[in-house]
Structure formats: structure tokens, C-alpha cells
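Worksheet: one structure, shown below.
The values are calculated or read from the model by the stated rules, or taken from the named source; none is laboratory data. Quick caveat: nothing in here was measured; it's all calculated off a predicted structure. For neighbour counting, all protein chains shown are included, and Cβ atoms are generated from backbone atoms with ideal geometry for every residue, glycine included. Heads up: the accessible areas ignore ligands, DNA and RNA and are worked out on the full protein's heavy atoms, side chains in. Shrake-Rupley method; radii C 1.70, N 1.55, O 1.52, S 1.80 Å.
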Amino acid sequence: MKQDPTARGRERTIGLLMLGGFATGSNIRLMDTVLPQIASEFAVSIGLAAQIVTAYALGYGLMQIGLGIAGDRFGKVRLVAVLCFASAAACLFAAAAQSLGQLTAARLLCGAATSAMIPVSLAWVGDMLPYEERPVVLARYASGGIFGMIAGQVAGGVLTEYWDWRLGLVLVALVYLTAAVGLVLELRRNTLISARPMQAGETRPSAPAAILAMLRRPWSRIVLVSVFLEGVSIFAAITFVGAELHGRFDAGYALIGCMLAFFAVGGMLFILGIRRLLKRFVQVRLIVMGAVISATGLLGLALTPVLWLVPVAMTLVGFGAYMLHNTLQSFATQLLPEARATGFSVFATLYFLSQSLGVAVAALLIANVGTGPIFVIAALAALLFALWFGIRGSRLAPLAAA
């Protein structure tokens with residue numbers, strides 16, 4: 001059977017968005033592996049070097065809402081293409097940095113440039129597909145980011161140990177450029193994928209009015225609080241895994257990169273099993289299970305006496321984190337259906353600002369307690385979140401697809 005040209009264009013667009021997601025996944029995690037080397041090169045502590053991670057998350061979070069509004073107004077795919085070009089330039093700026101201050105400023109720009117890329121892409125998927133089809137397609141899209149994280153963490157370690165950590169940023173810039181050019185060509189070929197189809201008589205609300213309406217909905221508040229809590233605990237804690245492995249086990253950078261990549265391996269295992277999981281468990285249960293599995297992995301990282309158990313712990317953290325986050329992303333596509341990119345950008349803003357807050361607080365604690373207790377604290381926070389969401393989320397979950 002011959003495939004509809006619009007459907008073919010949609011599939012090509014998803015593939016190009018995945019390529020942009022791959023580059024963004026690499027960009028997000030590239031610096032985790034090389035954090036000890038950054039500290040050594042610029043003669044600063046790990047806690048101070050971690051400001052480059054905080055800067056990226058801060059830039060990512062601060063630009064979300066404005067760019068989300070732009071995506072709803074000017075077209076989501078068009079905006080992603082522009083952001084891919086901007087991200088490539090920001091990565092090259094970071095690669096040329098000659099001081100920690102310059103690198104921090106460059107990573108702030110990297111975060112700002114990539115900020116709306118994933119949320120706007122996911123909002124576009126929400127525009128194009130009915131709710132029941134979204135979890136699988138969103139998971140498929142997430143696989144691009146997961147492979148990017150694997151590539152970023154492994155390449156970051158290998159390049160740092162055998163060449164130069166700056167080369168990783170150059171390679172990421174080239175991937176962004178490839179995605180950008182492909183999206184521009186696709187927009188010229190198929191204009192139907194450039195924006196959400198408008199229904200007869202439909203008008204777009206102003207951004208402030210739409211956001212206020214979203215915040216008045218109890219289920220929306222549950223989803224937004226949830227993404228803040230996962231960011232400030234689970235996703236902030238994994239930033240310091242590389243530093244923990246280097247300090248406790250004296251692991252080399254290439255080995256650290258391989259170890260960190262098991263987080264993404266856990267995410268891929270979730271992607272492979274998502275259809276079966278959705279058939280067996282309701283989405284609220286997936287969130288609770290994801291938080292508990294992640295907490296188990298974090299405790300394993302804190303307590304393992306041997307290096308060879310770290311991949312097991314990282315796989316558990318990754319599997320649980322993606323189970324939790326992918327499900328929350330499905331819910332987030334319905335936060336503001338009338339202006340989906342705006343609603344999703346509020347979701348993403350909280351996600352990355354919470355990570356920035358979590359990393360900043362953890363960096364302060366590390367000087368006194370070391371990195372190990374950070375994983376225990378994050379695990380306990382994840383368990384408390386699971387208990388809270390299991391009670392509150394179960395009551396309001398029927399509103400998820402409303």
C-alpha cells in the first residue's frame with residue numbers, strides 16, 4: 001500500500017527531530033564525563049567546575065517559555081530548525097573557550113539555544129497524533145536523545161583521555177547543522193508539517209491567559225510539581241556520578257564515560273519494553289515504579305564497594321528515570337492542548353531549573369560530605385515522591401487525557 005505523502009513527510013520530520021534530539025542528548029551529558037578534567041585544566045575544585053552544568057541548565061530553563069510561545073506562533077518545526085543552527089554556533093563557542101568563565105558563558109548559551117528543541121518537538125508530536133498513540137512515538141523520539149547521551153558520555157571520556165574534550169563539542173555542532181539543513185529542506189517540501197492544524201473557529205489564547213488557565217487545573221499542578229521533584233533529585237544527582245567514580249575508584253575518563261552510558265542503556269531497555277508495560281500497567285503506576293527503581297539504583301551507586309556493580313546501578317537509575325519521565329511527558333502534551341508548545345515549555349522550564357537548583361545545592365554539600373551522600377539524599381527524595389504521587393496522582397489521573 002502506497003503511503004500518504006503527508007505521512008511520509010511526518011516520518012521524515014520525526015527522524016530529523018530525533019537527530020536534533022540526539023545532538024541535544026550528547027550536548028546535555030557531554031560535560032558530565034569531563035568534569036574532573038575541566039576542574040584540572042582550569043585549576044578549580046569539582047564543585048566550582050560544576051557551574052558549567054548549572055549554567056547549561058539555567059540557560060535551558062530560562063528560555064523555555066518564551067521560545068515555546070514562539071513555537072506556537074511561528075511554527076514548531078521552523079523554530080527547531082533555527083535552534084539547531086544556534087546550538088551549533090554555541091557549541092563551537094564553547095569549544096573555543098580559554099577560561100572557566102568563558103566556558104561557563106558558552107554553556108549558558110548552549111542551554112539557551114537548545115532549550116526549546118526537545119519540548120517543541122514533543123509538542124509537535126502532540127499536535128500530529130491522538131493521545132493514545134503518543135506514548136510509543138514519544139518513547140521512539142526519546143531514543144534519539146538516549147543514543148545521544150550514550151554517545152556524548154562515551155565520546156566525552158574517550159576524547160578527553162586520548163585527544164581533547166573540545167573535539168566532542170565540535171562533533172555535536174556538526175550533527176546540529178545536519179539536522180538544521182534537513183529540517184529546512186523538509187519545510188520547503190511539505191508545508192503541512194510546519195504548524196498544528198487549526199480547527200474551524202479556533203483562536204489561540206494569549207500566552208499569559210493560557211498559562212494561568214493551565215495552572216488552575218489540579219492535574220496540571222500535579223504534573224508540574226512532579227517534574228520539578230524528579231529534576232531536583234534524580235537528574236541532578238547523576239551529574240556527580242563521574243566525579244564519584246574518579247574520586248572513589250580512581251577510574252579513568254574513558255571508563256567513566258562507559259559507566260555513565262549505562263544510564264542511557266537503562267533508558268533504551270525501557271523504550272524496548274514500553275508497549276508491554278503500557279498493556280500491563282496504568283501510567284500512574286509506571287511513574288511510581290520508575291521513582292522506586294531509580295531510588296534503588298541511586299542507593300546502589302552510594303553503597304557499592306566495587307566498580308563492576310556501577311553499570312547495574314546506572315542501568316536501574318536510567319530505566320526508572322525514563323519510565324518516570326517519559327510518562328510525565330505524555331501527560332505534559334495535554335497540559336495546554338490549545339497552545340501545546342507553551343504548556344510543554346512550562347513543564348521543561350521546571351524540569352531544568354530544578355536540575356540547576358539540585359546541582360547547585362549538591363555542589364555546596366559535596367565540600368563537607370563528599371559525593372556519596374548526595375545519591376542517598378536523592379534516593380530518599382525519589383521514594384518520598386513515589387509515595388506522594390501514588391496517593392495524589394491516582395485521584396486525578398483520569399484528567400490526564402482530558
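Numbers below:
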item: Gyration tensor (alpha-carbon) shape descriptor, the range 264-321, a/c threshold 1.5; result: oblate
item: Among 228, 324, 74 - extreme Cα towards positive end, dipole of the chain, charges at beta-carbon; result: 74
item: Space enclosed by the convex hull of the alpha-carbon atoms of the range 27-86, per residue, Å³; result: 84 Å³
item: Accessible area in square angstrom per residue, the chain, 1.4 angstrom probe; result: 39 Å²
item: Label zone at residue 276 (point 7 Å along Cα-to-Cβ), backbone N below 19 Å, the range 297-317; result: 315-317
item: Degrees between helix 117-128 axis and first principal axis of the chain (Cα, 0 to 90, nearest 10); result: 30 degrees
item: Using θ = phi - 60° and Karplus 6.51 cos²θ - 1.76 cosθ + 1.60, couplings along the range 311-324 (whole Hz; Gly, Pro as x); result: x, 5, 5, 5, 5, 4, 4, x, 4, x, 5, 6, 4, 5
item: Using alpha-carbon coordinates, inclination of helix 64-74 to the longest axis of the chain, degrees; result: 30 degrees
item: Relative contact order (%) - the chain, alpha-carbon pairs under 8 angstrom, separation at least six; result: 27 percent
item: Length added when fully stretched, residue 99-residue 164, from 0.36 nm per residue minus Cα-Cα; result: 21.9 nm
item: Carbon and sulfur %, accessible surface of the range 49-182 computed with the full protein complex present, 1.4 Å; result: 74 percent
item: Most fluctuating residue given options 119, 130, 337, as computed from a GNM of the chain linking Cα atoms under 10 Å; result: 130
item: Contour excess over end-to-end distance, with Cα ends at residue 137 and residue 391 and 0.36 nm allotted per residue; result: 88.6 nm
item: Spatial separation of Cα centroids for the range 269-339 and the range 69-129, in angstrom; result: 25 Å
item: The range 308-367: radius of gyration over Cα atoms, expressed as a fraction of 2.2 N^0.38 Å; result: 1.48
item: Projected-area mean, the range 202-279, by convex hull of Cα positions, square nanometres; result: 9.2 nm²
item: Per-q log10 I(q)/I(0), the range 289-402, q = 0.10, 0.15, 0.19, 0.23 Å⁻¹ (Debye; single scatterer per alpha-carbon; no solvent); result: -0.37, -0.78, -1.10, -1.33
item: Estimated Rh, the range 220-348: Kirkwood, alpha-carbon pairs, angstrom; result: 15.5 Å
item: Rounded to the nearest 20 debye, dipole of the chain from Cβ charges on Lys, Arg, Asp, Glu; result: 1260 debye
item: Modelled FRET efficiency - R0 35 Å, residue 338 with residue 364, Cβ distances, 0.05 increments; result: 0.30
item: Largest-first principal axis extents of the Cα set of the range 1-114 (Å); result: 61, 30, 21
item: Rg and Dmax of the chain, Cα atoms only, in Å; result: 20.0, 65
